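Each remark here refers to the structure printed beneath this line.
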Amino acid sequence: MAHSLVTLLEDVKGGHRLTELEAVSLFKTHDRQVWKIAAAADEVREAKVGDDVTYVRNQNINVTNLCVNTCGFCGYSKKPGDEGIYFHDKAEIQRKAKMAHERRVSEICTVSGLHPDFTAKSYTDVYRWIHEAAPGIHLHASNPMEVAYAARRSHISTVEVLDLMKQAGLGSMCGTAAEILVDEIRQKICREKIMTRDWIRIITEAHGLGIKSTATIMYGHCESYEDQVRHLAILRDIQDETGGFTEFVPLSFIHMNTPLYRQGKARAGATGREDLLMVAIGRLFLDNFANIQVSWVKEGIKLAQLGLIAGANDLGGTMFEESISKGAGAVNTDYLDPAEMQRVAEDVGRPLRRRTTLYEKL
Ligand code: SF4
């Protein structure tokens, strides 16, 4: 194995496109060879995007935690009658957007449950309110599930919803709601969510309209390495077709407060080895992605730093409000000072650079 692994990594550095079988074999590495995979990914990162570690100054605005879905991995959503429900109105959303503007963030990201009364207009109203209160801001919002929901509620097509969102100032879309793009797993963890085929269709429609998006994976619950790699292969195929993904963001499952874990249907999240390999294999497998992000919110800053020497080149956002991971039980969620990002980047010999959502350096 040692020899063939070295040969395989040399081939990948030379431009060989990893097959799904090869990628699965890399995920099954349990010994010190993990470091070799990480080192190869780091070399590929260096050759492709250089040494800069990037980040974006951003703020989340959570609109409502009421949601018609009941995803098993979600510790955030509430049902009517639950304690702790919130639903922010125009005044509150604009107050938060103004605050973000004053903090000189370049991106506002909205995150929301699927409110029972939402239509396409509910989403576009929120976008317009934010732009009114924070002129010039880049709005990173919605995801294929929200687009499908808005289309269903408003009796229009998903392309029409995307078009309305774009007109209302949507700058780019969250590549979330992807979870694991294997229907058998989706049936277990998020039965009401759109299925794989629809996620692919809607993200492709968005890219076709010039709306770029991130690409995510939510791993470490009840999926296999084969499922993870199938998911990566789908992302790679879409990127070949559209070039519309700005970056790949691995999201490690935060298990503590989730129904899936409490009911014994999921394991207690990925291990450190798996987190590191997801970044490294993500870099090696997704040869058509420039940027691999490591999420300090999900991983914690120490593991995120190790991700920077395992293929990642981006630390994501400063975030000034984050309720999704906190709801699920994560602890590193509120705000990360760029000074701390700089400290961990420089500690691995790399400069920190601020970027826009679409990766222009500032
Ligand atoms: S993950 Fe999103 S869609 Fe699923 S229950 Fe939570 S808020 Fe609702």
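The values are calculated or read from the model by the stated rules, or taken from the named source; none is laboratory data. What you see is a predicted model; the values in this text were computed from it and never measured. Cβ placement follows ideal geometry from the backbone for every residue including glycine, while neighbour counts extend to all protein chains displayed.
Descriptive notes on the structure:
- Close Cβ contacts (under 9 Å, 6 or more residues apart or on different chains) running from residues in segment 220-239 that are part of a helix (DSSP H, G or I) to residues that are buried (at least 17 other Cβ atoms within 10 Å of the Cβ) and among the basic types (Lys, Arg) are absent.
- Cβ-Cβ distances below 6 Å connect the following pairs, each with a first residue in segment 54-80 that is within 28 Å of Arg267 (Cα to Cα), a second residue that is among the hydrophobic types (A, V, I, L, M, F, W, C) and near the ligand (Cβ under 7 Å from one of its atoms), and a separation of six or more residues or different chains: Cys67/Leu114; Val68/Leu114; Asn69/Leu114; Cys71/Cys190; Ser77/Cys67.
- Enumeration of residues in segment 180-209 that are away from the ligand (no atom under 14 Å from the Cβ), surrounded by fewer than 14 Cβ atoms within 10 Å (Cβ to Cβ) and among the basic types (Lys, Arg): Arg197
- Where a residue in segment 111-135 is under 23 Å from Val159 (Cβ atoms) and its partner, wherever it lies, is among the charged types (D, E, K, R) and within 16 Å of the ligand (Cβ to nearest atom), with Cβ under 8 Å and at least six apart: Ser112/Glu146; Leu114/Glu146; Phe118/Arg153; Thr119/Arg153; Ala120/Arg153; Tyr123/Glu146
- Leading residue by the ranking (nearest to Phe320 (Cα to Cα)) among those in segment 90-109 that are in contact (Cβ under 8 Å) with a residue 40 or more places away in the chain and assigned to a helix (DSSP H, G or I): Ala100
- In segment 286-308, the residues that are under 15 Å from Lys36 (Cα atoms) and surrounded by 22 or more Cβ atoms within 10 Å (Cβ to Cβ): Gly307, Leu308
- Unmet criterion (only one of (1) out of contact with any strand residue (DSSP E or B) (no Cβ under 9 Å at 6 or more places or on another chain); (2) under 29 Å from Cys190 (Cα atoms); (3) at pLDDT 95 or above; (4) surrounded by fewer than 18 Cβ atoms within 10 Å (Cβ to Cβ)) for Leu26: (4)
- Residue list for segment 96-134, restricted to those being among the charged types (D, E, K, R) and either farther than 15 Å from Val63 by Cβ or surrounded by fewer than 17 Cβ atoms within 10 Å (Cβ to Cβ) (or both): Lys98, Glu102, Arg103, Arg104, Glu107, Asp117, Lys121, Asp125, Arg128, Glu132
- Flag for Val68 being within 9 Å of the ligand (Cβ to nearest atom), under 27 Å from Ala148 (Cβ atoms) and of a type in the set (A, V, I, L, M): yes
- Scanning segment 13-66 for residues that are on the phi < 0 side of the Ramachandran plot, within 24 Å of the chain's Cα centre (by Cα) and assigned to a loop (DSSP other than H, G, I, E, B) yields Arg17, Leu18, Thr19, Lys28, Asp51, Asp52, Arg57, Val63, Asn65.
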